[in-house]
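Okay, structure first, notes after.
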C-alpha cells in the first residue's frame, strides 16, 4: 500500500477507536437531538398545528435534526485537533515521515465516518415518528450525509489549523455553530423569511444538507404538493452545492495543514 | 562519519534570537548532550534538527539529509522523545505503537516482533493492552522511548528525557539509553539541564543564550577549571599552611578557618597526604570540579531547577476537572 493511503487509514483508524471508546461523547451527542425533538418539536407542534400546513412538525424537524447532528459531530471531531495540539499528540503526527495532506484527509474522513454512523443510528427513531423509511432511500440519504459530513469536517479542520487554544471553543459555538444550526431551516421553513435571513441561510452549507435530507426522508410520507412548499431547491442543486463546498473546504484545510510546519 | 552536521543554524522569533548561528558535528554511535538552563535554546535547536521548526538561516544534516530540503528523509531517520508527553491516552500502549509503526512504514509482518522487543526493553510487556491513561508519568516516558525506537531510527533525539521522573526511573532510563548505544550503536542526541546526566554523554555542548560556549568531553571540560580542591581544617592553621608549602611547594589558600590546596588528582593525593602530614588536621574534604562549576565559570550563572511549565499545569488542571 502506498504511504499516502496507509497514512489516511492509520489516522482514520485512530479517530474511530477513540470514538468507540468515548461512551460519554456518544451518549451526549444523542441527547442533544432527542432534546430538540422532544422540546422544540412537541412544544412548537401546537403552534404550527393551527396553520394546518399538512405535515406534522416533528416529522418536519426530524431530517433537520439529523443534519444538525451530522454537522455537530463532524465539526467537533475535527476541531478536536486542537486538543491533540494541546496534549502533544499532534507533534507525534506531524513529525512522521508522511505527507501532511494524507494526515488532513485521514482526519476529515475519520470525522465524516463518525458523523455518518451517528446519523444512521438516529434514523432508527423514524418509525417512532410515523415516518415511512424504505431501503431504497438509504443510499441517497447516506450520500447526502457523507457529503454534508465531509464538507463540515473540512471546515472544522480549516478552523482548527488556525486555532491555538481550546479556550476559543466556546466562542466558536456562539458565533458559528449556533447561527448555522438556527439558520439552516431545521426548525422552520426558509421559504418565507426576510431577505437578510435568506441570504445568510443560503451561504450556510447546513441549509443544503437539511433541505436534501428532508426531501429524501419525507417524500414517501408527505404529499408532493406539501413537500414542494417546504423545499428550497431540487435535490441535485443541494448535492451540487455540497460537493462544491466540500471540495473547496477540504482543499483549503489540506493546504492550511500542509503549509504549517 | 558524521551522523549530525550543523552549519550556522539560527532561529529567530520576532525580536528574540533564540539560536545564534551554531556549528557542531555528532559522530555515529555517540551520545551527545546539549546542556544549558531553560530558555538557552536547547529545545529550539532540537526542534530544528527534528524538522519541527524550520531554521531562520543555516542548515543541518541528519543522516546525510538536509532539514531544509529533505524533511521526510530526516523524519524517517530519527526517533523522537519529546519533552512533553505525546501519547494518545485513549489508546492502549500497543495501539500507540501500532499507530507509530504504520506511519513510519514498519512492515506488518515485523510489527509484532518489534513491539515485543521494544516493550521488553522498557519493561512494559505486561502493560501492552492497557490504556495510556492508567500509566504513571515514568511509564509513559518509557513507552515514548519504546515508540521512538520501533522504526529502528539511526538517531534518537531525547528532549529532556528524564524531566519529572523519580530518581529510580531516571536511573533505569539511563541504563536503557546506554544499552542502546552499546548494543545498537545508536547515535543519541539529548538536551538536559541536569548536570549529573550530562556526565553520561560522550561529549557535551554547553549552550547559553543561543550560543555554544563550550564543546568537549565532560572530563576535558572539568579539567579546564584546574584540578581537585582539598579543603582542610586544623587547630594549628599557620603550621598547616607552612607545612603544605614546604612539602609540596604549591600555592595554599586560606578561606576563613579552612586551608585549601589544588592538586591534580585528588584520589591518589589524599593517601599520600595522610602519610606525610605532621600537623594534626581536624577534618578534610576533597572536592572535584563538577559541570555545575564549569557552567558557572563559563556563564557566571548557575543552572536553575526546572519549574513546571504553564502548559503542564494546565494539563494537570484539565485532568482534575475531568476534561479528558
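The values are calculated or read from the model by the stated rules, or taken from the named source; none is laboratory data. This structure is a prediction, so every number in the text was calculated from the model and none was measured. Cβ coordinates were reconstructed from backbone atoms using ideal geometry, including for glycine residues, and neighbour counts include every protein chain displayed.
Of all residues in region B:237-256, those being over 30 Å from residue B:219 (Cβ atoms) and modelled with pLDDT of 85 or more number 8.
With respect to residue A:107, is the statement that it is within 14 Å of chain B (Cβ to nearest Cβ), modelled with pLDDT under 90 and not in a loop (DSSP other than H, G, I, E, B) true? Criteria not met by residue A:107. Which of the residues belonging to region B:75-86 are at the interface with another protein chain (Cβ under 8 Å from one of its Cβ atoms) and more than 19 Å from the chain's Cα centre (by Cα)? The answer is B:75, B:76, B:86. A Cβ distance below 6 Å, combined with a sequence gap of six or more or placement on separate chains, defines the contacts here; from region A:81-104, residues that are at the interface with another protein chain (Cβ under 7 Å from one of its Cβ atoms) reach residues that are surrounded by 23 or more Cβ atoms within 10 Å (Cβ to Cβ) and in a helix (DSSP H, G or I) in the pairs A:95/B:75; A:96/B:103; A:97/B:75; A:98/A:7; A:98/B:103. Please verify whether residue A:66 is surrounded by 19 or more Cβ atoms within 10 Å (Cβ to Cβ) and under 29 Å from residue A:229 (Cα atoms), treating the condition exactly as stated. Judged against the criteria, residue A:66 is a match.
Of the strands (runs of 3 or more DSSP E) contained entirely in region B:1-42, those carrying at least 2 residues that are over 20 Å from residue B:66 (Cβ atoms) and more than 17 Å from the chain's Cα centre (by Cα) fall at B:16-27. Taken together, the criteria exclude residue B:118 from residues that are at negative phi and within 12 Å of chain A (Cβ to nearest Cβ). Of all residues in region B:38-65, those satisfying the criterion of being surrounded by fewer than 20 Cβ atoms within 10 Å (Cβ to Cβ) and more than 14 Å from every other protein chain (Cβ to nearest Cβ) are B:38, B:39, B:57, B:58, B:59, B:64.
Pairs only if they're at least six apart or on different chains, beta carbon under 6 angstrom, first in region A:174-189 and assigned to a helix (DSSP H, G or I), second modelled with pLDDT of 85 or more and buried (at least 16 other Cβ atoms within 10 Å of the Cβ); list them, first residue then second. Pairs found: A:180/A:204; A:180/A:206; A:181/A:68. Looking at the structure I just gave you, is residue A:142 over 16 Å from residue A:245 (Cβ atoms) and at pLDDT 90 or above? Considered against the rule, which asks whether it is over 16 Å from residue A:245 (Cβ atoms) and at pLDDT 90 or above, residue A:142 comes out as yes. The residues of region B:168-205 that are part of a strand (DSSP E or B) and either within 18 Å of residue B:148 (Cβ to Cβ) or in contact with a helix residue (DSSP H, G or I) (Cβ under 6 Å, 6 or more places away or on another chain) (or both), listed by number, are B:187, B:188, B:189, B:190, B:191, B:192, B:204. If the condition is being assigned to a helix (DSSP H, G or I), more than 7 Å from every other protein chain (Cβ to nearest Cβ) and surrounded by 18 or more Cβ atoms within 10 Å (Cβ to Cβ), then region B:101-113 contributes only B:101.
Among the residues of region B:7-25, is there at least one that is facing another protein chain (nearest Cβ under 10 Å), in contact with a helix residue (DSSP H, G or I) (Cβ under 9 Å, 6 or more places away or on another chain) and either at pLDDT 95 or above or buried (at least 22 other Cβ atoms within 10 Å of the Cβ) (or both)? Checked region B:7-25: no residue is facing another protein chain (nearest Cβ under 10 Å), in contact with a helix residue (DSSP H, G or I) (Cβ under 9 Å, 6 or more places away or on another chain) and either at pLDDT 95 or above or buried (at least 22 other Cβ atoms within 10 Å of the Cβ) (or both).
Residues of region B:210-249 that are surrounded by 15 or more Cβ atoms within 10 Å (Cβ to Cβ), out of contact with any strand residue (DSSP E or B) (no Cβ under 8 Å at 6 or more places or on another chain) and in a loop (DSSP other than H, G, I, E, B): B:225 alone. If the condition is being facing chain A (nearest Cβ under 8 Å) and not in a helix (DSSP H, G or I), then region B:90-100 contributes B:90, B:91.
Conditions (1) touching a strand residue (DSSP E or B) at 6+ places or on another chain (Cβ under 8 Å); (2) not in a loop (DSSP other than H, G, I, E, B), marked per residue:
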residue: B:260; (1), (2): yes, yes
residue: B:267; (1), (2): yes, yes
residue: B:274; (1), (2): no, yes
residue: B:279; (1), (2): no, no
residue: B:285; (1), (2): yes, yes
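Select from region A:14-28 the residues that are within 11 Å of chain B (Cβ to nearest Cβ) and free of Cβ contacts under 8 Å to residues at least 12 places away in the same chain and list them in ascending order. The answer is A:17, A:18, A:20, A:21, A:22, A:24, A:25.
Residue by residue, here is whether (1) crowded, with 19+ Cβ neighbours inside 10 Å; (2) in a helix (DSSP H, G or I); (3) within 14 Å of chain B (Cβ to nearest Cβ) holds:
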| site | (1), (2), (3) |
| --- | --- |
| A:30 | no, yes, no |
| A:42 | no, yes, no |
| A:45 | no, yes, no |
| A:74 | yes, yes, no |
| A:77 | yes, yes, yes |
